[in-house]
Amino acid sequence: MSMPKQYLDPETECASPEQMRSLQSRRLQHMVRHAYSNVPLYKERMDRMGVLPEDIQSIDDISKLPFTVKDDLRNTYPFGMFAVPKKALVRIHASSGTTGKQTVVGYTKNDIDVWSRSAARALTAIGATKSDYIHVSYGYGLFTGGLGLHYGAEYMGATAIPVSSGNTKRQVQILQDYGSDILCCTPSYAMYIGETAREMGVDTKQLPLRAGFFGAEPWTEHMRQELEAILHIKAYDIYGLSEIAGPGVAFECPAQQGMHINEDFFYPEIIDPDTEEVLPDGAYGELVFTCIGKEALPLIRYRTRDICKLERGTCACGRTLIKMCKPKGRTDDMLIIRGINVFPSQIESVLLSLNLDPNYQIVVDRINNTDSLEVQVEMTADMFRDTLKSLTEIERKIASALHSTLNIAARVRLLEPKSIPRSEGKAKRVIDRRSFT
Ligand code: DLL
């Protein structure tokens, strides 16, 4: 396959396995000493396990180290796991905190550099150049999306347009008037921007926009096709999480066969979420990261709850950076309905394979001690003109497709176009009423 070969750091992005392992080993040793000396939680946990920093000689020794979970950050809220004094910090971010207390993360100047460089590698990989306008519609603020890609764009010498999210008509106006080249936002917001452009009578084919960097929430291959069609761009995936670094922990390249992890900064492992046993490449499990290039919050074996698999080897783009697949779901996102595991992404795949618009909501309830699953789908404008009989037929068709994928019966309800609230950030797809009954 021939494809543009653009790298920010070719020595690292295309390093041999030996070079990468030796870099990772050096960095891990340094990082463990730092965490042990400066984070009481790690000293205590390693002491309890009888592991000393000098026991860590190479990256293979990582399995001797303790895991970290989100609750560790919550229990030490806000700054208890920081490994540097306040005066060394230059930035604070926090997770969206939709469930429980927020988790707060801090960055030194070097940490911002590591993160910006990671995001800059990502932008370079999807073909961004110094003469591009990078339209950033991720939220700016405690959320890492906006500032992460902003700094990445500046780091590589492109021009960041810090639009942030919201005011969707103005987004379209700016795409048109400034001639943005690359759009960065959540896939659901990109879809909303596309719909808004269509309503405003803007022909997206005429816009200079050529690529989108979409992440922060799960999205499917079908959604990619929808976005590429509505915006007339190439759509790429970008992954990150606030605890490790925002966008740029991993990124898609033109080969689009998984996301390359910036593994010289964020070392990945896959574990069995129940037994914590490390799984081989290619096996699905929970993704775990160790920060081997960060100072302020050097997390060791942080359990992301994302379900994923890893793949090693040289990619068609020339990179050797290990790849992660699109996360299949999260251990805490998985719905258990009448004993069957259901991931929202499976439902999205079914809907999009039937050429429905990706505006849907999943409502789970418990009625008379039995779980119920309702999938609410917005009708397309064409369907809205259909007769009641044909709508019932469509509902039946969707229900049957859902049943054959999920192995569970779902009630399908077609809603009027535009009745499901649009999101300017991460879409809320699931309403689980069971926790309130
Ligand atoms: O969402 C950071 C980010 C911003 C990533 C902008 C990409 C673009 P959090 O709010 O901490 O950070 O949420 C992290 O979001 O553990 C995944 O479950 C999910 N996630 C992030 N990127 C993707 C993606 C940001 N590309 C959590 N595909 C992660 C699927 C994603 N899920």
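Which log10 I(q)/I(0) values, to two decimals, does region 335-432 give at q = 0.11, 0.16, 0.19, 0.20 Å⁻¹ under the Debye formula with one point per Cα?
Result of the Debye calculation: -0.31, -0.67, -0.93, -1.02.
Shape call for region 271-407 from the C-alpha gyration tensor, a ≥ b ≥ c root eigenvalues: rounded (a/c under 1.5), prolate (a/b greater than b/c) or oblate?
Verdict is prolate for region 271-407.
Tell me which lysines have Cα within less than 16 Å of LYS43's Cα, excluding those fewer than 8 residues away on the same chain?
Result set, ordered by chain and number: LYS64.
Taking square-rooted eigenvalues a ≥ b ≥ c of the alpha carbon gyration tensor, is region 1-100 rounded, prolate or oblate, where a/c under 1.5 means rounded and, failing that, a/b exceeding b/c means prolate?
Oblate shape, in that a/c is at least 1.5 and b/c is the bigger or equal ratio.
Measure nothing fancy, just the Cα-based angle from helix 40-49's long axis to the longest principal axis of the chain, in degrees from 0 to 90, nearest 10.
So the inclination is approximately 80 degrees.
Determine which residues of region 340-363 fall in the zone a paramagnetic label at ARG422 would reach in this model, i.e. backbone nitrogen under 14 Å from the point 7 Å along Cα→Cβ.
358-360
Suppose we look only past 43 Å in the calculated P(r) of the chain. What percent of the Cα-Cα pairs does that tail hold?
Of all Cα-Cα pairs in the chain, 14 percent lie more than 43 Å apart.
Need the list of aspartates and glutamates near LYS428 for cross-linking: C-alpha distance under 12 angstrom, and skip anything on the same chain fewer than eight residues off.
GLU217, ASP333
Could you tell me the relative contact order of the chain? Use alpha-carbon pairs under 8 Å, at least six residues apart, and round to a whole percent.
Relative contact order, the chain: 14 percent.
Given the -39500 (n - 2.57) contribution per DSSP H run of 4+ residues, what per-residue ellipticity at 222 nm results for the chain, rounded to the nearest 500 deg cm²/dmol? Write out the running numbers ahead of the final one.
Values: 12 runs with 135 residues, N = 437.
Here the helix-only value at 222 nm equals -9500 deg cm²/dmol.
Report relative contact order for region 64-223 in percent, whole number only (criteria: Cα-Cα under 8 Å, sequence separation at least 6).
18 percent
Could you work out how far helix 17-38 tilts from the main Cα principal axis of the chain, as a 0 to 90 degree angle to the nearest 10?
The angle comes out near 80 degrees.
Fewest first, what order do HIS260, HIS222 take by the number of other Cβ atoms within 10 Å?
Ascending number of Cβ neighbours within 10 Å: HIS222, HIS260.
Which residue, GLU154, GLU18, GLU295, tops the fluctuation ranking in a GNM of the chain built on C-alpha contacts under 10 Å?
Largest GNM mean-square fluctuation: GLU18.
Need the C-alpha centroid separation for region 184-199 versus region 367-405, integer Å.
For region 184-199 versus region 367-405, the Cα centre distance is 24 Å.
Expressed as an acute angle from 0 to 90° and rounded to the nearest 10, what is the orientation of the C-alpha long axis of helix 344-353 relative to the principal long axis of the chain?
That works out to roughly 40 degrees.
Considering amide H positions built from the backbone, and no H for Pro or chain starts, which residues 5 or more places from GLY246, or on another chain, come under 5 Å of its amide H?
none
What area, in nm² and to one decimal, does the C-alpha convex hull of region 45-188 cast on average over all directions?
On the way: hull surface 46.2 nm².
That works out to 11.6 nm².
Return the whole-Å distance between the Cα centroid of region 234-251 and the Cα centroid of region 415-432.
Their Cα centres are 23 Å away from one another.
Would you list ASP55, ASP132 from fewest to most Cβ contacts within 10 Å?
Ranked by crowding around the Cβ, least crowded first: ASP55, ASP132.
Between region 38-78 and region 269-287, what's the alpha-carbon centroid distance in Å?
Their Cα centres are 19 Å away from one another.
Based on a Kirkwood Rh over C-alpha pairs, give the Stokes-Einstein translational diffusion coefficient of region 205-343 at 10 °C and viscosity 1.306 mPa s in µm²/s.
Details: Rh = 16.1 Å.
Calculated translational D: 99 µm²/s.
Can you tell me which lysines have their Cα less than 17 Å from the Cα of LYS294? Leave out same-chain residues fewer than eight positions away.
Leaving aside lysines fewer than 8 places away in the same chain, those within reach of LYS294 are LYS86, LYS87, LYS109.
Every number in this text was worked out from the coordinates using simple rules, so none of it is lab data. Computed from a prediction, not measured in an experiment: that's the story for all the values here. So basically every Cβ, Gly included, is an ideal-geometry build from the backbone, and we count neighbours across all protein chains shown.
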